[in-house]
Structures are given as C-alpha cells and as structure tokens.
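The values are calculated or read from the model by the stated rules, or taken from the named source; none is laboratory data. Please read all numbers here as calculations on a predicted model, not as lab measurements. For neighbour counting, all protein chains shown are included, and Cβ atoms are generated from backbone atoms with ideal geometry for every residue, glycine included. Protein only, heavy atoms only, side chains kept; ligands, DNA and RNA dropped before computing areas. Shrake-Rupley method; radii C 1.70, N 1.55, O 1.52, S 1.80 Å.
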Amino acid sequence: MAKYTPMMEQYLEIKKQNQDCILFYRLGDFYEMFFDDALIASKELEITLTGKNCGQEERAPMCGVPYHACDSYLNKLVEKGYKVGICEQVEDPKSAKGIVKREVIRIVTPGTNISTQNLDETKNNYLMSVYSGNGEYGISFVDITTGDFRTTTLDDESKLMDEIFKFTPAEIICNDAFLISGVDLKFLKERLQISISTVDNYYFDEENGIRIIKNQFHVEKIDGLGITDFPLCVVATGALLCYLNETQKHSLEHLTKIVPYITSDFMLIDSASRRNLELCETIREKQKKGSLLWVLDRTKTAMGARLLRRYIEQPLVRKDAIEARLDAISALNHAVITREELREYLGPIYDMERLMTKVSYRSANPRDLMAFKSSLELLPYIKTLLDDFHKGLLAEIYEELDPLEDLYELLDQSIIEDPPIQIKEGGIIKNGFSEQIDQLKQAKTEGKRWLAELEEREKETTGIKKLRVKYNKVFGYYIEVTNSFKDQVPDHYIRKQTLANSERYTTEELDKLADTVLGAEERLYALEYEIYVEIRERLAAEIERVQKTANAIAKLDVMASLAFVAEQNGYVRPTLNKRGIIDIKDGRHPVVEKMITNDMFIANDTFLDNSKNRVSIITGPNMAGKSTYMRQTALIVLMAQIGSFVPAKSARIGLVDRIFTRVGASDDLASGQSTFMVEMSEVANILRNATRHSLLILDEIGRGTSTFDGLSIAWAVVEYISNAKLLGAKTLFATHYHELTELEDKIAGVNNYCIAVKEQGDDIVFLRKIIKGGADKSYGIQVAKLAGVPERVIQRAKEIAVQLTENDMLNKAKEMDGYVEEPQQLSFLDQIVPSDQPHPVILELRDVDLSHMTPIDAMNYLYELQERAKM
C-alpha cells in the first residue's frame, strides 16, 4: 500500500489524538480539513469540497477556510454542536527542518467558545458538569468568558432539571450514570439545544478532582473553598476543570474562585413556571421583548445585564438580603441626580469581565486594551459619586470598587490612542515609553538623515571633500574615498574593499548606525510585540482585582436600572413579611401595562394568607383577564423577592419559597404527550413539590378531558391544596367549572372571586375588575360572537344552551359533600331526565365526547341529532 505524504502522516497522527473534533489544520494562510472532517464541514458551512494529493491512489477530500476569517466558520460549527480543534504551526517555517511542527492549541466546544462575535453579551455561556451517583447529583458550571464558577448538590431529578432550566448551559458533560438516570436527554438536546456528551471515568475520580482543584485555586487543602462537605460537588468540579484543561490547553488563571450554593437559598421556579411567567423570553417568539426582563432591563453594561438576568432567574428567600437591595433602590431614588450621573458614567464601560478573559487567554489585541483603558478611566468618577452613600449595599459597592488607577496609568503611558488590531506589525507603543523603541522608530524614519549627518562629519573631520557614504546589498553601508585622497584616511578607518579608482572603508560608528538602520523595522516590530506582551502580562496578574471591580460595577448597574424603572413606571417599595400575607392594592401586570398603548390597564387587588384566604377560586368568561390577573400576582411576588419595587399602589408580600404555575394548554407533540397529559404532569409536579409556603397559580385545571372528569379532578385538586394538613399553599385557581364555587361554603380558606362583566343586550363588555363572588354565567356564546363566529352558529348555540339549561344537567354537582377519600366517578348523563324507553339519540349522546369537537362540528352534529329526533 502506498505511503501517505509526510504532511498527511502528521495530520493523521494529530487527528488520531482528537477523533471527536473537526480538525482545523493550519496550512499557510488557510485552515484545511480532510477526509470525514472535510465532508462534514463542506456540508455544514456550505463551502467547496475539493481534493488533495496525499500519497494514495485517491485524493483526500479537502476543504478550507481563510485563517483571518476562521471565527465565523468555527462559530457556525460550534453552534451546530460540533467540537473544533485548532491545529497551529508551533515553529517558524523558516527555521523548520522538514515538516513544520504543529499542535492542537485549543479545542472549541459550545460551552468553551470565547468568541465575542458569537456570544450574546447579556447572557452567560455556561459549561455544566453533572455527576450522577446513588440518586443524587453534583453539578458544577462555569462561564469561562466571565470567570463565573458555581457548584451545588441536588437530591432528585426534578431539582436537577430546574437548575438546568435556570442556567440553560450551552454544553453538559456527564458520567455514564447520568445517561440512564431517567433525565429526558432528548428534550434537553432538541428543545433546549444543549450539547451533551459523556467523558471518561477518570474525569470523575475524586482524588484526581481534589488534586486539580488544589492546583487551580492554589490551595494546599480544599477546606477553605466551602465544598469539603459536598463530595459530589468535588467530583463534578474536578471533572469540569479536567475537561477545561484538556480543551483549553493553557492556564485558567481567570477562574479565581468557585461559589458553592444551596438551592434553598433561592426561590424555586420550575421549568413550566419560568415558561408561563415569561421571565426572560416570551413563550411563542422566544424574544426578550414582552418578558419581565424586557421591562426591568435598563442596564448600561453587559455585566449588569447578565447579573440582572441572574437575579430574575434566582429570586431570594432571605428577607435581609432582599431588604438590602430595596434599600439601595430607595437610596438611589432619593438622589436622582446622582443616580443619573452614575448611569451616564456606566454607559461607556465595556465588558470588563470578558475583556479580562481575553487578556488571560493571551488573545487580547491592542484595541481590546484601549477599550479596557477607556472603561478604567471612568472608575474614579463613579467611586467619587458613590461616596455620597454611607450604608447598606451601595456602601459595600463603594468598598469593593477599586479604581485601578495604576492599570489606567500603565495603559495610558504605553499604548497609542488608535492602535492597529495586529500585534506583530508595530505601531502600538507610545513615544517615550521605551527608549529602545524610540531609537528604533527614529532609525526607521530618520536613518537617511543620520547617514547624511555622518558623511558631513567625516568630511569635516578628515578634510576629504570627495568622501561618500554609500550602500550595496553585498557590503551594506560603507565610506568610499577616491585614490587621490586615500593618504588622508584616518587610522581608525577599516578597509572593506579595494577598487581601481577608490577604497571602501567602514568605522565602528558606521557599523552601529548601519545595524540600527538595516534592522530597525524588524527589531522594532519584535520589540513592540515583546513590550506589548509584557503589558498584557501585567494586566493578567491583576485579574482578581479587575473581576472584583467588574462585579461591583455590575451590582451598581442593576440597582440603578431597577431604581430607574421603579421611578419611570410608578412602582412602590413592597413591605416584606414572614407571616404568609400577600396583600396587593391596585396591582398591575408589569409587562401588559407596558404593551398597552392607551394607559388603560385596570389595576386589581389581591389578598391571600395562610388561614381564611388560602385559595381564591376565580370565575369569569374567557378573554376577561383571569390569566393576566393571576400572572401579575405571581410576577409582583417574584419582583419583590428579586429586590425590585413592584407595580402597585401598595404591596405587603409574604415571602414564598416556590412559585408554581399551570397556565394554558398545548399538545407536546414532540414527546408524544397530549394536552391533558401535559396538564396532569404539571399538576402532579406541583402537588408533589409545593409546600405551605408556596404560591400556586392554576388556570383551567381539567379542561383537557371530558367535562365531568375535568370537574372531578379540579374539585379534588382544590380540596387537596386547601387542606392545611396535606398542603395549605396560597393559591389562585381560575376555572370555568362554576360548580367549584360551592366549595366556598364547604371548605375553610376557599373564597370566590370573579371578573366583572357588563351586559349590553346580547353583547358583553369586559370590565377587567376582580370582585368578590362567583360568576353566574360563563358568557361563552358572547365570547364566541366577539371572536367572529358566524351568526347562524351563535343563534343555534343559544337554542341548544336553553335546552341544556332546562334539563339542569349539573344539578347533582351542587349536592356534593366536602372532601371524600375516594370519590366515585360521576356522569353528567345521570342528570338527564330519565325515560322508560330512552330515545336512540339520547343513547348516542351518552357516548359522544363533545369536549373534543370544534364549535362548527358540534353545531352540525346537533343539527343532525335534531333531524333524527323528529323522525
């Protein structure tokens, strides 16, 4: 068999060590891909597939991308879930003997991509490590672009899923046990677009993990890191650092600390509730506009935007921590001029966290450093303004904020104002920073003048008027004297060449000057690069100081944003309590009120507690505003617990440990689940995981099945929730089952509310106001009319409604007792007036499921039954 060419042998050897990557193999000004990599890349990147002679009979499939434009191509592959190995030349081709030595210098994966052009600056890009063992999970996750590094342990699968939904990592690495733990991997991959891969068992070796952690954080023992008592955290963190070391292939010095946390320190919000409440993106468009984050985010920096998102994803449960944030907002709104000055200074600050990551990766170019310098320039002014606040969170931020004036001075003195992007082509260092560089710059630009001056000095010194300083490629610079003057040549002249009519000489001064002039540009570029690298290293050594200051800036930015939004939107400071009382006066939905252009949002009150007002059953027609009202209550509570002011006239908020919502219905066709199955799964999750300190938002429970089954389930759920011995959670429960209003008189703590409606003949007007009492009608036909259902259908529906009302189909539901351990299945058709000999139409009606018919189908079906009944 024919041998591969030496270059291809080198490629295949490197590829063998990186089989799970698409290898970007550097050849001159291109990154080339071969064989299967080329087939994949040409298809995914839509670039031309060619071939290359590799020593075999068949040419090797090949495609390539220019090295200077590789980022955009690399990002496309990473976005699609591929790993990409960057294989660079690691020796100078001019000095190489044989094939230039090449190595993989970094492996880029979805969770380790540091390309700023591919990342959303307002979101973290997390890599998560998950270790599954004995039914428990250790997770560790890091954003290598910012240095944010956290870890925790979880005792069941649902909590793990909640954390994954909360942080939405771009990539998960895990052990084999995780794959068989029951977690829905298909959902994570396809719906959340998370890249998931297992790694070898040695990654999760505890001893190996401890060693790696100690090396990373430069400690002799891990006791001081706060993770000693959590062995699963140690294993997951060790695996994560091992993975980073093997993919990044250089120091991770910007990962300066790890933050262990306990999930109970934050409000638990499950995935369905995050989706239903539209915290950071809308359900349908997956856009920020229309979400709570869209309303609250008036941050000025990328760091602040990321922190605000984290606050919204992780509301607090500790009263003192919440009050600290509320105090900061109050202080800023009592000093509006100072607040606006602070926001003005925050505006031009670049993303210091990600800039410092580029510095630590040694990939920061001169313009990155200028962006960093312009940010540092504003820090002293911000610190001076913060000196006006003498207590609380703002005073803490003042103490944490290091003006970094020494770093600013270094950059101000060293780097020119408008430097090039390239770091090896000179033009970076300011005049006066380095004497050597100044001389080389002069040599480059003033070399000819220096030579002319030397010639004049030598003429004057020797008296030889025909003396000339000349240059050729063989001898370089020399002094030429004609034979008629050679007797006047000084003794210190050194003969270089004898010609027929003249002699050529040199001197020590000329040799030095020649060296300076001839090598000036090359040495200038090399020296500028060397000094630039020294400056970058000095910045990298101060990464902890910069990260601490960047965190302080982010917190200040978030507080200023929340204060600004509170003032602009008329929010009030909530009063927090631990007695479980939620008392909101004139509450408003923070998003809906911003989407309504005519300022006509109708405010409503809410009152819930742990005794007589545990459950509010809300009735009223569709489109009247039940869902908006319930969501607004949940959002107001959540806003209060992130430390924000809230949209209300006044608000007393009893701290809740969890918010659960079951709102809306949609078939999950991708996982083969029907509307009703999705609904019941979410209800089951709520009943299993809610506590008496939770807030539940339940909308239309039971509507995805037959009417009587749905009513039975809804009834039983209300009984279970309202029972203080079983659950006793504060609940808003919207329903079309008017029979549930009977529970107000049967169960303590249950109260009826409805949406006020004004009738105008056959039409209705939604007043959007919550009032005490149950609705006496569903107004379904009127809503159908508003929706544009044809008039013929509306009239026929009215006739059928009259007939059904006269038969009083729901009479028996009103006679039901209170809570029953094992309620028997009931049938609506038991309520139909009995007959000795049932009509065939009635027999058919017993079996038909009207709840799954469209209005048109129902009308046609009923019309057919009527015709048959007349026979």
| Which lysines have a Cα lying under 16 Å from the Cα of Lys186, excluding residues fewer than 8 positions away in the same chain? | Lys80
| query | What aspartates and glutamates could a cross-link reach from Lys76, if we take a straight Cα to Cα line under 15 Å and drop same-chain neighbours fewer than 8 places away? | reply | Asp37, Glu44, Glu46, Asp120
| request: Let me know the shape class of segment 563-608, please: from the alpha-carbon gyration tensor, a ≥ b ≥ c as square roots of the eigenvalues, rounded when a/c is under 1.5, otherwise prolate if a/b is greater than b/c, or oblate. | output: oblate
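Return the calculated 222 nm mean residue ellipticity for the chain, to the nearest 500 deg cm²/dmol, obtained by summing -39500 (n - 2.57) across DSSP H runs with n ≥ 4 and dividing by the residue count.
That comes out to -13500 deg cm²/dmol.
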| task | State to the nearest 20 debye the size of the charge dipole of segment 476-538 about its Cα centre, where the only charges are +1 on K and R beta carbons and -1 on D and E beta carbons. | result | 180 debye
| query | Using alpha carbon centroids, what distance separates segment 262-313 and segment 553-602, in Å? | reply | 15 Å
| query | Which whole-number percentage describes the relative contact order of segment 380-513, with Cα contacts under 8 Å and a sequence gap of 6 or more? | reply | 12 percent
| message | Relative contact order for the chain: what percent, with Cα pairs under 8 Å and sequence separation of 6 or more? | response | 9 percent
| query | In debye, nearest 20: dipole of segment 168-227 around its Cα centre with unit charges on the Cβ of K, R (+) and D, E (-)? | reply | 220 debye
| task | Find the Cα radius of gyration of segment 326-405, compare it with 2.2 N^0.38 Å by division, and give the number to two decimals. | result | 1.25
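Take the Cα radius of gyration of segment 7-74 and divide it by 2.2 N^0.38 Å, with N its residue count; two decimals is plenty.
Values: Rg = 11.4 Å, N = 68, 2.2 N^0.38 = 10.9 Å.
Output field value: 1.04.
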| query | From the Cα gyration tensor of segment 223-289, with a ≥ b ≥ c the square roots of its eigenvalues, which class applies: rounded if a/c is under 1.5, or else prolate if a/b is larger than b/c, or else oblate? | reply | oblate
| note | Scoring only Lys, Arg, Asp and Glu (+1, +1, -1, -1) among other residues with Cβ under 9 Å from the Cβ of Met161 yields -4
| note | On the accessible surface of segment 429-513, probed at 1.4 Å with all protein chains in place, carbon and sulfur together account for a percent value of 47 percent
| note | In terms of the alpha carbon gyration tensor, root eigenvalues a ≥ b ≥ c, rounded if a/c is under 1.5 and otherwise prolate when a/b exceeds b/c or oblate, segment 248-334 is rounded
| note | Quick calc: nm separation of the 7 Å Cα→Cβ label points for Ser681 and Leu192 -> 1.4 nm
| request: Determine the distance separating the Cα centre of segment 676-725 from the Cα centre of segment 475-499; give it in Å without decimals. | output: 106 Å
| task | Give me the distance between the Cα centres of segment 362-436 and segment 1-60, rounded to whole Å. | result | 44 Å
| request: State the percentage of accessible surface on segment 15-60 attributable to carbon and sulfur atoms; use a 1.4 Å probe and exclude ligands, DNA and RNA. | output: 43 percent
| said: How large is the accessible surface of Arg495 in square angstrom, using a 1.4 angstrom probe and rounding to the nearest 10? | reply: 140 Å²
| Remind me, relative contact order of segment 57-192 in percent, using alpha carbon pairs under 8 angstrom and six or more residues apart? | 18 percent
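Highest mean first, what order results for 347-358, 301-312 on Cβ atoms within 10 Å?
301-312, 347-358
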| query | Which percent, to the nearest 5, of DSSP beta bridges fully inside segment 603-749 are antiparallel? | reply | 5 percent
| task | Mind grabbing the base-10 log of I(q)/I(0) for segment 154-308 at q = 0.10, 0.11 Å⁻¹? Debye formula, identical points on the C-alpha positions, no solvent, two decimal places. | result | -0.46, -0.56
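Of the cross-linked pairs Lys470/Lys496; Lys430/Lys512; Lys15/Lys101, which ones have a Cα-Cα span greater than 20 Å in the structure shown? Intermediate values should be presented prior to the final figure.
On the way: Lys470/Lys496 13 Å; Lys430/Lys512 25 Å; Lys15/Lys101 14 Å.
Exceeds cut-off: Lys430/Lys512.
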| message | List residues of segment 111-134, by number, whose backbone nitrogen lies under 17 Å from a label position 7 Å along Cα→C-beta of Thr263. | response | 128-134
| task | With +1 on each Lys and Arg Cβ and -1 on each Asp and Glu Cβ, and nothing else charged, work out how big the dipole of the chain is about its Cα centre, in Debye to the nearest 20. | result | 1200 debye
| Using the Karplus equation 6.51 cos²θ - 1.76 cosθ + 1.60 (θ = phi - 60°), what ³J(HN,Hα) coupling, rounded to whole Hz, does each residue of segment 326-333 give in order, writing x for Gly and Pro? | 4, 4, 5, 5, 4, 4, 5, 7
| request: With all protein chains present, calculate the accessible area of His68 using a 1.4 Å probe and round the result to the nearest 10 Å². | output: 150 Å²
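Using per-residue counts of other Cβ atoms within 10 Å, averaged over each peptide, order 393-400, 22-29 from highest down.
Most protected by this proxy first, the peptides run 22-29, 393-400.
Looking at the calculated P(r) for segment 521-571, what percent of the C-alpha pair distances fall above 18 Å?
Value for segment 521-571: 61 percent of Cα pairs lie more than 18 Å apart.
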| Amide H to amide H under 5 Å from Ser195: which residues, 5+ apart in sequence or cross-chain, H placed 1.01 Å off N in plane? | Glu171, Ile172
